Amino acid sequence: MSTRYCTQCDKPIKQNSRFCPQCGSPVQDGYVSEESKTKNRKLETRNHTSITKKVIVGLFAMIIGILFLVVFQFITFEEHRVIAQQPVVSDPEVYTSDPVGMTEIDGVNRDGYFVLSLDDIKNNRFTRAWYDAPTTELAVIAYISTKGRVVTAIGITEPCGNSDYTIVHEHIHCGSCNGEWDMNSMKAFGSCPTYNPDPIPSKVDGNEVLIAVNDLNSWNRRW
């Protein structure tokens, strides 16, 4: 015979009692049997277990997310201070594992600026022009970055004297050694960590990219 329990105070009561001996409440027909109480306890235990699992899974997912953000911050570098100031001229450019080499273009001196064609840079993605500085001839490279910026730089890796580069994914690769740099931050991944292509400011006027001649003439080798 199952034990009856008061629905108000949950104390056991005798089968024929009309009132609870503990709290005096009238005995309801919908009393809770011992079997029902056992089932309810098991159900509550399962519910608590399920909630606990969900909390653990949620915390684990949050920890993984935080770790991912931390790692992402380490592998995603801030833009070079000069590059960050360069104008956005197109949608972000996508570079793949297929190397993009430089295309030779012409630059002209006019009104205190070394002038490049923006269309030439957009169409070819990675270009090089030569500027006659007072002491040497400078390779001026230009490309469209993965952020859509037009980036201009003095293209020379002084230790090996290289001025030939390719772009693979988001990295600029030296054509002579294993130098390799992120195109947005110039963070090094190979040799020559401080001899990356040296970003130089430029501005856009219509279809022209203007680099101040004074900036080119005052540039000094780093080696």
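The values are calculated or read from the model by the stated rules, or taken from the named source; none is laboratory data. All values derive from a computational prediction rather than experimental measurement. Counting neighbours? That spans all protein chains shown, and the Cβs are built from the backbone with ideal geometry, glycine included.
Just checking, how many residues over segment 188-223 are assigned to a loop (DSSP other than H, G, I, E, B) and crowded, with 16+ Cβ neighbours inside 10 Å? Working first, answer last.
Keep residues of segment 188-223 that are assigned to a loop (DSSP other than H, G, I, E, B), which gives 189-197, 200-202, 206-207, 218-223.
Filter once more, keeping what is crowded, with 16+ Cβ neighbours inside 10 Å: 192, 195-197, 200, 202, 219.
Summing the residues that are assigned to a loop (DSSP other than H, G, I, E, B) and crowded, with 16+ Cβ neighbours inside 10 Å in segment 188-223 gives 7.
Per-residue answers, yes or no, for (1) modelled with pLDDT of 95 or more; (2) closer than 26 Å to residue 175 by Cβ; (3) touching a Leu at 6+ places or on another chain (Cβ under 8 Å):
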| residue | (1), (2), (3) |
| --- | --- |
| 64 | no, no, no |
| 75 | no, yes, no |
| 105 | yes, yes, yes |
| 113 | yes, no, yes |
| 130 | yes, yes, yes |
| 140 | yes, yes, yes |
| 143 | yes, yes, no |
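When you check residue 121 against the structure, is it part of a strand (DSSP E or B), surrounded by 21 or more Cβ atoms within 10 Å (Cβ to Cβ) and either touching a residue at least 24 places away in the same chain (Cβ under 8 Å) or at positive phi (or both), yes or no? Against the criterion (part of a strand (DSSP E or B), surrounded by 21 or more Cβ atoms within 10 Å (Cβ to Cβ) and either touching a residue at least 24 places away in the same chain (Cβ under 8 Å) or at positive phi (or both)), residue 121 does not qualify.
A quick yes/no check of all residues on (1) part of a strand (DSSP E or B); (2) touching a Pro at 6+ places or on another chain (Cβ under 8 Å); (3) buried (at least 19 other Cβ atoms within 10 Å of the Cβ):
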| position | (1), (2), (3) |
| --- | --- |
| 140 | yes, no, yes |
| 143 | yes, no, yes |
| 147 | no, yes, no |
| 151 | yes, yes, yes |
| 159 | no, no, no |
| 167 | yes, yes, yes |
| 172 | yes, yes, yes |
| 177 | no, yes, no |
| 184 | no, no, yes |
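Restricting attention to segment 90-118, the residues that are out of contact with any Gly (no Cβ under 7 Å at 6 or more places or on another chain), β-branched (Val, Ile, Thr) and outside any loop (DSSP other than H, G, I, E, B) add up to 3. Within segment 169-180, the presence of at least one residue that is touching a His at 6+ places or on another chain (Cβ under 9 Å) and of a type outside the set (Gly, Ala, Ser) is confirmed.
Taking into account only those residues within segment 86-110 that are surrounded by 12 or more Cβ atoms within 10 Å (Cβ to Cβ) and of a type in the set (Ser, Thr, Tyr), which is farthest from the chain's Cα centre (by Cα)? Here the residue is 103.
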